[in-house]
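Student: Structure below; questions to follow.
The values are calculated or read from the model by the stated rules, or taken from the named source; none is laboratory data. Computed from a prediction, not measured in an experiment: that's the story for all the values here. Cβ: placed from backbone, ideal geometry, glycine included. Neighbour counts: every protein chain shown. Remember, those area values only see protein heavy atoms, side chains included, never the ligands or the DNA or RNA. Shrake-Rupley method; radii C 1.70, N 1.55, O 1.52, S 1.80 Å.
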Number of protein chains: 2
Amino acid sequence: MVNAFDFTPLLRPDVPPAAARFAGFPKYNFVGGHNDPASTPIEALRAAADAVLKREGRDLATYGLASGPQGYLPLREFLVRKLKAHAGIACTSDEILITSGSLQGLDLVNALLLSPGDTVLIEADCYSGSISRLQRAGASIVGVPLDHDGMRMDALAAILADLKRGGVRPKYLYSIPTIQNPNGSVLSLERRRQLLRLAEDYGVPVFEDECYADLVFDGNRPPALFALGRERGWDGVIHIGSFSKSIAPALRVGYVVAPWSVIARLLALKQDAGSGALEQMVLAEFCESHFDTHVAALNVALKHKADALIAALAEHFGTAAEFQIPSGGIFLWVTLPGEVDTTRLAMLAAEAGIVINPGEEWSVAGVAASRRLRLCFANPTEVVIREGVAALAAVCQREFGVPARIGNVVG
Amino acid sequence: MVNAFDFTPLLRPDVPPAAARFAGFPKYNFVGGHNDPASTPIEALRAAADAVLKREGRDLATYGLASGPQGYLPLREFLVRKLKAHAGIACTSDEILITSGSLQGLDLVNALLLSPGDTVLIEADCYSGSISRLQRAGASIVGVPLDHDGMRMDALAAILADLKRGGVRPKYLYSIPTIQNPNGSVLSLERRRQLLRLAEDYGVPVFEDECYADLVFDGNRPPALFALGRERGWDGVIHIGSFSKSIAPALRVGYVVAPWSVIARLLALKQDAGSGALEQMVLAEFCESHFDTHVAALNVALKHKADALIAALAEHFGTAAEFQIPSGGIFLWVTLPGEVDTTRLAMLAAEAGIVINPGEEWSVAGVAASRRLRLCFANPTEVVIREGVAALAAVCQREFGVPARIGNVVG
């Protein structure tokens with residue numbers, strides 16, 4: 001008979017509540033950055049694993065392989081070429097830090113810059129993991145409105161001027177400029193230049209999160225803010241990216257690109273004895289030959305699924321569901337009529353095995369987001385997408401009378 | 001022309017100093033948990049990677065594979081069997097959390113339990129990464145003296161009684177009972193039982209770090225404190241372990257074993273979207289067939305290197321170097337005569353390409369540790385061990401007159 005030891009009185013006072021047991025994925029899973037299983041490049045990954053283990057497996061006996069704490073050098077060298085070709089970034093392998101997913105990049109940059117009470121600017125609708133991290137850091141979060149072309153520069157200019165009048169210098173401006181999460185927009189080149197001008201004028205560094213930027217369906221990715229900043233002679237951008245969206249989310253490999261002075265500070269905070277070597281080695285070997293062809297094929301598959309979701313929404317929600325046709329990525333940011341509360345919808349849908357992201361978790365815009373929801377489409381099959389949207393529409397109609405008529409029932 | 005943006009005024013006030021650029025490993029590298037390159041089981045890892053990617057590669061498209069946030073289920077199921085067989089631990093796969101190295105386990109447990117000012121007990125000579133983490137957490141660290149059988153129970157009893165009189169309940173008692181780092185001792189079974197009795201009496205949880213426990217050269221590993229605690233009906237032990245020492249340090253896979261109520265709290269703090277999937281999958285596949293035979297062969301190789309280091313110390317330092325013949329592991333904890341200051345020795349040796357751990361970084365015992373040093377022997381070849389120890393003795397003699405005579409010179 002084992003008596004439970006009561007750890008409760010010993011816990012740090014502000015720890016989050018206990019997590020629930022994992023019960024498997026729901027039947028209709030429209031959340032999470034999961035990707036298309038059929039697009040996983042299994043054969044090429046097998047070949048890469050075999051080749052790199054044969055050639056360099058002995059190096060697993062040393063922490064960080066022979067590359068030191070910044071990560072496997074061949075992967076950083078691939079990134080130097082890839083970021084130049086795809087995002088216009090001119091950097092050296094010393095200006096790259098490999099991280100355990102781009103989430104570790106978020107954590108490290110926040111640990112470097114943020115104290116409680118610091119002000120941070122973000123797009124008003126924003127990745128929930130970034131919002132929750134800022135809340136945990138005690139940051140004062142200011143949301144900048146965005147539209148179909150990304151963050152609105154008129155709004156940014158007004159907010160920066162306003163903060164400056166109040167004596168506040170924000171610690172950074174966080175943006176997901178390419179395939180914004182959740183609204184799917186791509187910040188136009190003109191706005192990118194305006195953003196950098198404003199950031200320079202106000203002395204506010206830019207924290208650029210491009211974890212989805214490989215997934216522009218037509219391959220038309222604009223230059224990164226990091227690239228444009230350097231071009232104009234201003235080196236105040238910290239850039240993060242990831243292989244989670246382009247190759248496989250279960251591989252926890254991301255990266256930070258920044259001037260060496262920043263990388264050297266982040267390294268001092270990265271106390272994990274390195275990120276996973278096998279993942280880095282296999283990725284480097286795979287990407288060298290296969291990155292571009294794989295991503296092109298993946299984008300075709302994702303576009304099909306996006307089209308399937310759009311068709312299903314048109315069929316089952318009709319004009320009640322408004323959204324921008326996405327230029328890429330794995331999610332759709334949907335606006336429903338004002339009578340719908342998506343937080344309540346998410347709760348009721350979950351009971352029916354349909355999981356969605358309610359807008360309020362992906363926004364700091366308050367009540368304006370309560371009629372919005374994010375639907376991720378990369379992981380479910382097209383059949384599951386159709387069935388799931390039909391089931392969601394049924395729940396939504398029952399509770400909110402929206403949509404007024406269900407397409408496939410009323411015909 | 002790019003102007004450096006000055007991040008300095010924006011840094012969090014208490015960030016650590018910038019890291020230095022990695023300049024490669026030194027010629028004589030006696031630090032770090034690196035392992036024997038020749039013992040890396042390359043062929044079996046290649047076969048494991050190929051088989052598991054072929055069978056389950058598609059699951060890489062989902063975060064956490066199909067296993068949820070606690071880690072790849074087949075790896076947790078292997079650990080259930082392995083921990084039962086090797087350490088006497090009775091637990092379920094729900095009581096295991098896979099982490100990115102055991103270091104993440106340290107970080108999570110500290111994040112769960114520690115606020116600044118909390119008291120923590122550790123072995124007075126202790127892993128520097130554990131000490132530095134406690135210092136960063138603002139803990140009040142109390143060192144318990146240890147000898148060749150591990151932590152001294154008379155000292156622990158006195159310290160606990162003393163703290164209780166002062167109204168202090170320590171947050172936990174941290175111990176590396178099997179192949180203690182740095183002194184290499186194995187806590188005897190009798191002391192393990194005494195330790196648990198004291199912990200129960202004083203209501204102090206035990207944080208057991210067994211990351212080296214697979215490396216007992218003769219395979220004679222005592223039951224873990226976790227196992228003995230459960231056996232006596234007391235469930236106050238949190239256990240961590242790792243594959244870094246038994247398979248390969250560059251693979252960042254460790255684990256926490258604890259009652260579900262603790263795991264559920266740690267999960268809530270683990271915000272990294274999972275540990276590396278490929279490393280977990282390959283390890284599970286490899287370990288199922290090869291763990292025991294691999295570790296047995298590795299221990300033979302490590303014992304040879306330990307013997308080489310011992311012989312080299314005898315040859316070059318003679319009676320000036322005192323140490324316990326290690327029962328296992330990858331390091332030797334050496335005591336030199338009182339006139340030697342190993343912090344200064346480490347600095348001078350580094351200039352000659354010889355890197356060692358000075359005792360003061362691996363101890364909270366203060367000046368008593370300044371004549372001690374830790375020498376890691378798993379990574380260098382036997383030739384490098386011999387040459388490195390000879391070179392170290394030369395530096396030490398030049399600076400401190402110790403040893404009085406150099407074996408291979410004076411004969």
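Student: Within 10 Å of each Cβ in peptide A:9-17, how many partner chain Cβ atoms are there on average? Round it to a whole number, please.
Tutor: 6
Student: Let me ask you something else. One decimal, nm, shortest first: give the distances between the label point of B:Pro26 and those of the same position in the other copies, each label point 7 Å from Cα along Cα→Cβ.
Tutor: With the label placed 7 Å along Cα→Cβ, B:Pro26 yields 5.7 nm.
Student: Moving to a separate point now. Quick one: which residues, 5+ away or cross-chain, put their amide H under 5 Å from the amide H of B:Ser363? H built at 1.01 Å from N.
Tutor: B:Cys126
Student: Contact order normalised by length for region A:171-238, with contacts defined as Cα pairs under 8 Å and 6 or more residues apart; what percent is it?
Tutor: Normalised by residue count, the contact order of region A:171-238 is 38 percent.
Student: Given the pairs A:Lys245/B:Lys82; A:Lys54/A:Lys84; A:Lys54/B:Lys54; B:Lys164/B:Lys270, which are separated by over 23 angstrom at their Cα positions?
Tutor: A:Lys245/B:Lys82; A:Lys54/A:Lys84; B:Lys164/B:Lys270
Student: Normalised by the residues of region B:23-107, what does the relative contact order come to in percent, with Cα pairs under 8 Å and at least six apart?
Tutor: That works out to 17 percent.
Student: Going 7 Å from Cα along the Cα-Cβ axis for the label, what nanometre distances separate B:Arg55 from the same residue across the other copies?
Tutor: The answer, with the shortest distance listed first, is 2.8 nm.
Student: Quick one: length gained pulling B:Thr343 to B:Phe22 fully straight, 0.36 nm per residue minus the C-alpha distance?
Tutor: Here the answer is 113.4 nm.
Student: Share of region A:14-160's accessible area from carbon and sulfur, percent, 1.4 Å?
Tutor: 56
Student: Relative to the Cα centre, what is the charge dipole magnitude of the protein assembly as shown, using +1 at the beta carbon of each Lys and Arg, -1 at the beta carbon of each Asp and Glu, and rounding to the nearest 20 debye?
Tutor: Charge dipole of the protein assembly as shown: 440 debye, to the nearest 20.
Student: In addition: Per the helix-only calculation at 222 nm, which mean residue ellipticity applies to chain A, given -39500 (n - 2.57) for every DSSP H run of n ≥ 4 and division by its residues, nearest 500 deg cm²/dmol?
Tutor: Computed ellipticity for chain A at 222 nm equals -13500 deg cm²/dmol.
Student: By average Cβ neighbour count within 10 Å, what is the ranking of A:365-377, A:152-164 from highest down?
Tutor: A:365-377, A:152-164
Student: Under the definition of Cα pairs under 8 Å and six or more residues apart, what whole-number percent is the relative contact order of chain B?
Tutor: It comes to 22 percent, rounded to a whole number.
Student: With both partners inside the protein assembly as shown, how many of the DSSP beta bridges are antiparallel, as a percent to the nearest 5?
Tutor: That works out to approximately 55 percent antiparallel.
Student: Per-residue Cβ counts within 10 Å, from other chains only, averaged over B:294-300: what number is that?
Tutor: Going residue by residue through B:294-300 and averaging, the value is 0.
Student: Highest first, please rank the peptides B:170-177, A:42-49 by the mean number of other Cβ atoms sitting within 10 Å of their residues.
Tutor: Ranked from most to least packed, the peptides come out as B:170-177, A:42-49.
Student: Kindly report the accessible area of region B:42-290 per residue (heavy atoms of protein chains, probe 1.4 Å, no ligands, DNA or RNA), in Å².
Tutor: Dividing the accessible area of region B:42-290 by its residue count gives 30 Å².
Student: List the DSSP H helices in chain A whose Cα atoms stretch 24 Å or more along the helix axis and whose mean Kyte-Doolittle hydropathy is at least -1.0.
Tutor: Membrane-span-like by this criterion, though nothing is claimed about a membrane: A:277-317, A:382-400.
Student: Over the whole of B:50-58, what's the average partner chain Cβ count within 10 Å per residue? Rounded to a whole number, please.
Tutor: Mean partner-chain Cβ count within 10 Å for B:50-58: 5.
Student: Explain nothing, just the number: dipole magnitude of region B:42-290 about its Cα centre with +1 on each Lys and Arg Cβ and -1 on each Asp and Glu Cβ, in debye rounded to the nearest 20.
Tutor: 360
Student: With the label 7 angstrom out along Cα to Cβ, how close does A:Ala158 come to the same site in each of the other copies, in nm, nearest first?
Tutor: Spacings between copies for this position, smallest first, are 7.2 nm.
Student: Another question, then. Taking springs between alpha-carbon atoms closer than 10 angstrom, which of B:Thr343, B:Thr335, B:Thr62 fluctuates most in the Gaussian network model of chain B?
Tutor: Checking each option, the largest mean-square fluctuation is seen for B:Thr62.
Student: Also, I was wondering about something else. Going by the alpha-carbon gyration tensor, a ≥ b ≥ c the square roots of its eigenvalues, is region A:247-362 rounded (a/c under 1.5) or, if a/c is not under 1.5, prolate (a/b greater than b/c) versus oblate? Working shown, then result.
Tutor: On the way: a/c = 2.64, a/b = 1.76, b/c = 1.50.
Verdict is prolate for region A:247-362.
Student: If you place +1 on the Cβ of every Lys and Arg, -1 on the Cβ of every Asp and Glu, and leave all else neutral, what size is the dipole of region A:82-212 about its Cα centre, to the nearest 20 Debye?
Tutor: It comes to approximately 180 debye.
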